[in-house]
Amino acid sequence: MAEAPPPPLLSAAAIWRVADLLRGGMEPAEYGPVILVFTMLRRLELSRARPARWLDAVARAPDPLACLDRLTGRLPAAVRDIIFQLEVMPLARRLARTGLLGTLAAHFTALDLSPARHGTEAMARLFEELVHHFADPRRTGAHFTPPEVTDLMVDLVFAPDGPGAQHNLYDPAAGTGALLGRAADRLQQRGITVDLFGQEISPRACALCRADMLLRGRAPGQIACGDTLAHDGHAGRRFARMLSNPPFGLDWRHIRAAIQAEHAQGHAGRFAPGLPRVADGSMLFMLHLVAHMRSPRAGGARIGVVTHGAALTGGGADSGESAIRRYLVEHDLIDAIIALPTDMFVNTGIATYIWILDNNRPTAHRGMVRLVDATGLWHRALSGAGEKRREMTPRHIDAVLRACTLDTAMDMLLRDGAEGAPVSWQVLAHDVPTPDGAADMRRTPFSCLLPGREFLYRSLTVTRPGRDGAPVRTAFRVGMEHDPQAWFSQMIRPYDPDARLDTTRTATGCAISFARYFRHPVPPRPLHDIEADLRRSMAQLVALMPGGEPPEDP
C-alpha cells in the first residue's frame with residue numbers, strides 16, 4: 001500500500017492550534033512572529049548533518065529560557081545572527097514570563113520539518129504563507145511572486161545562457177528568498193550555476209531569507225538587510241543577471257531627502273534619469289537595477305522586473321515616470337515587456353507586467369522593443385489563496401518565450417469558455433492565414449516588434465484668451481514625426497484663429513500603451529437583442545408614469 005502523502009505544511013487549523021497555545025499569554029499581533037521564529041528553529045535543527053534536539057531540550061528543561069540562551073550561544077555565528085534578527089530571545093522572555101516557552105517548544109518538537117520530508121521550495125512557500133497570513137501586504141505593496149511568473153522571468157532573463165553558464169543573480173527586494181531560491185532550482189535543472197545576492201528591508205523576512213540561503217549551502221551574508229533605495233547594501237557591485245518583484249505603489253516620502261540627494265549627484269548616483277511621485281516608488285527599483293548592470297564590455301546584463309501598469313503610462317510628459325521611460329528607450333535598454341493575466345498575484349488583481357532589460361542586445365534587435373500580450377494565456381487556479389484566481393501553465397510560458405525569440409509579429413487564436421477562460425488556443429505568425437477549422441476562434445494580436453522611439457511623443461501646449469482675460473491652456477499629445485509648428489498650423493489655427501502655440505511649454509514624453517497595439521474589439525450585440533432591451537425599458541418607463549400600465553414581457 002502506497003505511503004500516504006505528508007499533511008499540508010500549513011493550514012488555517014494548524015495555525016490556530018499554535019495560536020490556541022498563545023492565547024491569553026501574548027497579543028494576537030505577536031502570534032505571527034512567534035510561529036515564524038519557532039518554525040525556523042525547528043527547520044534549522046533538523047537540517048544539520050547530525051540533527052540537533054534544541055527545542056526538545058528547552059521543552060524538558062526546568063528553566064527553558066536559560067536552556068535556550070545556552071544553546072543559541074553555541075551556534076555558529078551565521079546562525080546566531082539569524083536568530084538575533086528573528087528576535088528569538090526577546091520573544092522567548094515574553095513566553096517564559098507566561099509559562100508558555102516549554103509548551104511551545106514541545107509543540108514544535110513534534111513537527112517533522114526535515115529536508116527529507118519537505119524540500120527547500122516547500123519551506124520557502126511555507127514561510128511566505130506565514131508572512132502573508134500574519135501581515136497584510138496591502139499596506140506595504142509587497143506581493144508574493146507566483147511560481148509561474150518566477151519561471152517565466154527566469155527563462156526570459158537566462159534565455160541566452162546554456163549549460164555550464166555561471167552568473168551572479170541579484171534581487172534587491174528579496175523578501176524571504178522564494179524568488180531567488182526557485183530561480184536557482186530551475187537553473188540548476190538547466191545546468192546553469194548562479195551565486196545568489198539580495199537585499200531586504202524587513203529584518204524578519206531578511207532573517208528568513210538568510211536562513212534559506214544557509215540551508216541551501218550558500219553564503220547568508222550575501223543577503224543585505226536594510227532599505228535598498230536609501231542604503232544600497234551592494235554598492236559598487238555589478239551583476240550579470242537580476243530578477244525582482246518590488247513593492248507596488250511604494251510610498252518613499254520617509255526617505256525623500258536621501259533619494260533627492262542621490263538624484264542631485266547626477267550619473268554618479270542611481271536616480272539621475274528622474275524621480276517618480278512619492279506615492280509610488282516602484283520605478284526607483286528599476287533605476288536601481290539599471291545602475292547595477294554589468295557593463296557591455298564585461299558581457300552585459302539582463303534584468304527581469306515585475307511592475308504594475310502605472311510604470312508604462314503613468315505621469316505626463318514632464319513627470320519623473322515619463323523621464324525614466326524615456327531614459328530606458330533612448331539608451332536602448334528595453335528588450336521586451338509582457339502583459340500578464342490579471343488576478344495572478346495573491347492579494348491584488350491589478351494588471352501586472354514583466355520588463356526584460358538588456359544592455360548588450362544583438363545588433364539586429366537594437367532600437368526595437370517587443371511587446372507581448374499574454375493576458376489571454378491563463379486557466380482558472382484550482383486552489384487559490386487570497387485573490388489569486390488565475391495561473392499560467394508551462395505551455396503558456398513556452399508560448400511567451402517563443403514570441404520573445406522570433407523576429408516576427410505573432411497572433412493568437414482563442415476559443416473562450418466559461419467566465420472568459422480560454423478552452424483552446426494556439427499561436428501563429430501574424431502573416432499566416434487562419435487555419436481551416438479555426439474560423440470560429442477569436443484572432444487577436446499576441447506580439448509585435450516596434451521601434452523604441454515610437455513610444456516617444458511631444459506634449460504641445462495651445463493657449464487662447466479666456467473670458468476673464470487669463471489664458472486657457474490645453475495640452476495635446478503629438479507624435480514625434482510631426483513638426484510642432486506645422487501640426488499647429490494644420491490642426492488648430494484654421495479652427496481657432498485666436499489660439500497660440502506656447503513653445504516654452506513643449507516637452508518630450510514617453511508612454512508605452514498596450515491598448516494602442518493590442519485592441520480586443522467586442523463584437524456588436526445582435527440588433528434584435530438591442531431592440532428587445534429598448535422595448536423593455538420603454539414599457540418600464542410607461543408603467544412609472546401616471547395612468548401607466550404594468551409592463552408586459554416582450
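The values are calculated or read from the model by the stated rules, or taken from the named source; none is laboratory data. Fair warning: this is a prediction, and the values are worked out from it, not measured in the lab. All Cβ positions, even for glycine, are placed from backbone atoms using ideal geometry, and neighbour counts span all protein chains on display. To get the accessible areas, we keep the full protein, side chains included, count just its heavy atoms, and leave off ligands, DNA and RNA. Shrake-Rupley method; radii C 1.70, N 1.55, O 1.52, S 1.80 Å.
Numbers below:
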read-out: Residue within the stretch 268-275 that is assigned to a helix (DSSP H, G or I) and open to solvent by less than 20 Å² (accessible area, probe 1.4 Å) present; value: no
read-out: From D436, D440, D431, D483, residue being more than 22 Å from G314 (Cα to Cα), acidic (D, E) and touching a residue at least 24 places away in the same chain (Cβ under 8 Å); value: D440
read-out: Some residue of the stretch 426-449 being at pLDDT 95 or above, open to solvent by less than 20 Å² (accessible area, probe 1.4 Å) and small (G, A, S); value: yes
read-out: Close pairs (8 angstrom Cβ cut-off, 6 or more residues apart or separate chains): surrounded by 17 or more Cβ atoms within 10 Å (Cβ to Cβ) in the stretch 11-34, among the acidic types (D, E) and at pLDDT below 70 anywhere; value: none
read-out: Boolean, I338 is assigned to a helix (DSSP H, G or I), β-branched (V, I, T) and more than 13 Å from D358 (Cα to Cα); value: no
read-out: Any hit, the stretch 191-205, residues being farther than 21 Å from I303 by Cα, open to solvent by 40 Å² or more (accessible area, probe 1.4 Å) and not basic (K, R); value: yes
read-out: Residue within the stretch 276-298 that is out of contact with any helix residue (DSSP H, G or I) (no Cβ under 6 Å at 6 or more places or on another chain), within 26 Å of R516 (Cα to Cα) and surrounded by fewer than 19 Cβ atoms within 10 Å (Cβ to Cβ) present; value: yes
read-out: Filter result (modelled with pLDDT of 90 or more, open to solvent by 60 Å² or more (accessible area, probe 1.4 Å) and either over 15 Å from G102 (Cβ atoms) or assigned to a helix (DSSP H, G or I) (or both)) within the stretch 43-80; value: R60, D69, R70
read-out: Pick from the stretch 145-172, criterion outside any helix (DSSP H, G or I) and polar (S, T, N, Q), ranking: surrounded by the most Cβ atoms within 10 Å (Cβ to Cβ); value: T145
read-out: Subset of the stretch 207-224 that is closer than 9 Å to G177 by Cβ and in a helix (DSSP H, G or I) - its residue that is most open to solvent (accessible area, probe 1.4 Å); value: R210
read-out: Residue satisfying all of: in the stretch 502-554; modelled with pLDDT under 90 and under 30 Å from S319 (Cα atoms); least open to solvent (accessible area, probe 1.4 Å) among these; value: H520
read-out: Only listed residue being farther than 30 Å from G314 by Cα and in a loop (DSSP other than H, G, I, E, B), chosen from G175, G191; value: G191
read-out: Any chance A364 is open to solvent by 10 Å² or more (accessible area, probe 1.4 Å) and out of contact with any strand residue (DSSP E or B) (no Cβ under 8 Å at 6 or more places or on another chain); value: yes
read-out: Test result for G102, touching a Pro at 6+ places or on another chain (Cβ under 6 Å), at pLDDT 90 or above and either assigned to a helix (DSSP H, G or I) or not polar (S, T, N, Q) (or both); value: yes
read-out: Residues of the stretch 452-475 classified as part of a strand (DSSP E or B) and open to solvent by less than 60 Å² (accessible area, probe 1.4 Å), total; value: 8
read-out: Residue list for the stretch 225-245, filter: more than 19 Å from the chain's Cα centre (by Cα), open to solvent by less than 50 Å² (accessible area, probe 1.4 Å), of a type in the set (A, V, I, L, M) and over 11 Å from Y170 (Cα atoms); value: A230
read-out: Qualifying residue in the stretch 179-191 (condition: within 21 Å of H288 (Cα to Cα), touching an Asp or Glu at 6+ places or on another chain (Cβ under 8 Å) and either at pLDDT 90 or above or of a type in the set (G, A, S) (or both)); value: yes
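Listed here are the residues, each with its yes/no results for (1) free of Cβ contacts under 8 Å to residues at least 60 places away in the same chain; (2) outside any strand (DSSP E or B).
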residue	(1), (2)
R326	no, yes
D343	yes, yes
W355	no, no
R370	no, no
L377	yes, yes
L382	yes, yes
L401	no, yes
L406	yes, yes
L414	yes, no
